[in-house]
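What follows is a short report on a single structure.
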Amino acid sequence: SPAGMVLSVLVILLLSVLYEAVKMGKAVLLQRALLALPRSLSQEALTQPQPQEQDSRDSRDGSPAQGRWFWFHVGQTLFHVLQVVLGYMVMLAVMSYNAWIFLGAIAGSTLGYFM
């Protein structure tokens, strides 16, 4: 029926938009995860800590930053799984060889990337 076809195209369009949104969310999370990484030993060797900074640096021990990085990595993994699932769903819909479904996937990807 025409209503079913329109609904199918809209669902594929929304799935494609969601795929692009997840891809962008994964990139933002990667950027935040890189900022949360603990400083390397070579960076610490280049800086000369002040006496009051030395006490606070010893008490930190780097573990809170490592914990934050771990949770960012868990989030990235979940985003990756969601991205793969959505990508395969859109691919399977396109493999139906229906021109309208194909155009819906293209329009959704375009709209998702633009937004």
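A few comments on the model shown:
- Spin-label proximity, T110 to the stretch 3-21 - amide N less than 11 Å from point 7 Å beyond Cα toward beta carbon: none
- FRET efficiency, 1/(1 + (r/R0)^6) with R0 35 Å, evaluated for S1 and L78 via beta carbons: 0.40
Read-outs: derived from the displayed coordinates by stated rules, not from any lab. No experiment lies behind these values; they were computed from the predicted model shown. Every residue, glycine among them, receives a Cβ derived from its backbone with ideal geometry; neighbour counts consider all protein chains shown.
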